[in-house]
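Read through the structure below, which is laid out as structure tokens, and then see the notes.
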Amino acid sequence: MHSWEGGQRDARGRVLTTRRCGVGFYHQIDGPESTSVSVTDGENTCQPCPSGISLNMWNKFLELQKKKCEMKAQANERKKGKKRKRSRKEKLKKNDKEVTDSQKLTNEDQWKELTQYFGNNDRFEPLVSKKAPQKSGLEVSVDKSVAEGDIEKAEELSDRLAVRELGVKIAKAVACRNFVKAKQEAEASQEARKKKKLAWGFEAKKRWETKSNMGYM
């Protein structure tokens with residue numbers, strides 16, 4: 001604890017000793033007439049030392065009071081830090097939600113784009129014969145599980161079968177979409193070349209007519 005000491009006399013000629021400790025200032029009137037002490041803390045409020053209490057004990061009390069205030073201030077800082085941290089987490093959560101929503105919208109748009117091509121190639125499939133189509137191994141396993149009463153396994157196999165069929169349908173839709181886009185790009189390129197050729201022919205014709213007119217002049 002750092003201390004500082006100075007002295008002066010009051011109006012009655014008594015020696016007034018001023019000391020500074022780590023807590024604040026305290027003033028002691030030297031002499032037999034009075035032993036009262038006043039202490040000034042960090043907030044500039046005077047706290048008189050109770051009579052019968054030694055300066056050492058009083059300083060210890062003030063030191064504990066100071067530590068209590070410091071702990072309270074630290075607790076407030078931690079609370080503010082938690083609020084700031086929670087605010088950052090909420091902001092990150094909001095940003096993640098916006099990104100997720102954006103990806104969801106993108107996926108929905110892609111799905112809508114593909115669904116319009118579902119079944120477009122069905123007319124190119126070979127005609128189904130009158131004979132019953134041969135079942136796949138997965139379909140046979142589903143029928144077997146149902147016959148054995150294992151409904152849980154049958155549902156699992158049925159889900160796998162549905163996923164596989166959907167995958168095949170999506171693959172066909174993607175192929176059809178890519179074909180349509182390639183065809184549209186080729187047609188657009190051909191149309192652009194045709195316009196460029198027509199423009200070039202018009203310019204050539206105009207130059208030829210200009211030269212012809214100059215020949216008759």
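Please work out if PHE118 is over 22 Å from the mean Cα position of the chain (by Cα), modelled with pLDDT of 75 or more and either of a type in the set (Asp, Glu) or under 25 Å from ASN178 (Cβ atoms) (or both). Answer is yes for this residue.
Residue-by-condition table, conditions (1) assigned to a loop (DSSP other than H, G, I, E, B); (2) of a type in the set (Lys, Arg); (3) at pLDDT below 70; (4) surrounded by fewer than 10 Cβ atoms within 10 Å (Cβ to Cβ):
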residue: LYS97; (1), (2), (3), (4): no, yes, no, no
residue: ASP101; (1), (2), (3), (4): no, no, yes, no
residue: GLU108; (1), (2), (3), (4): no, no, no, no
residue: GLU113; (1), (2), (3), (4): no, no, no, no
residue: SER129; (1), (2), (3), (4): yes, no, yes, yes
residue: ALA132; (1), (2), (3), (4): yes, no, yes, yes
residue: SER141; (1), (2), (3), (4): no, no, no, no
residue: GLY149; (1), (2), (3), (4): yes, no, no, yes
residue: LYS153; (1), (2), (3), (4): no, yes, no, no
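Would you check if CYS21 is farther than 30 Å from CYS176 by Cβ, at pLDDT below 50 and among the hydrophobic types (A, V, I, L, M, F, W, C)? Judged against the criteria, CYS21 is a match.
The values are calculated or read from the model by the stated rules, or taken from the named source; none is laboratory data. Not measured: the values here are computed from a predicted model. No Cβ is skipped: glycine too gets one built from the backbone with ideal geometry, and neighbour counts run over all protein chains shown.
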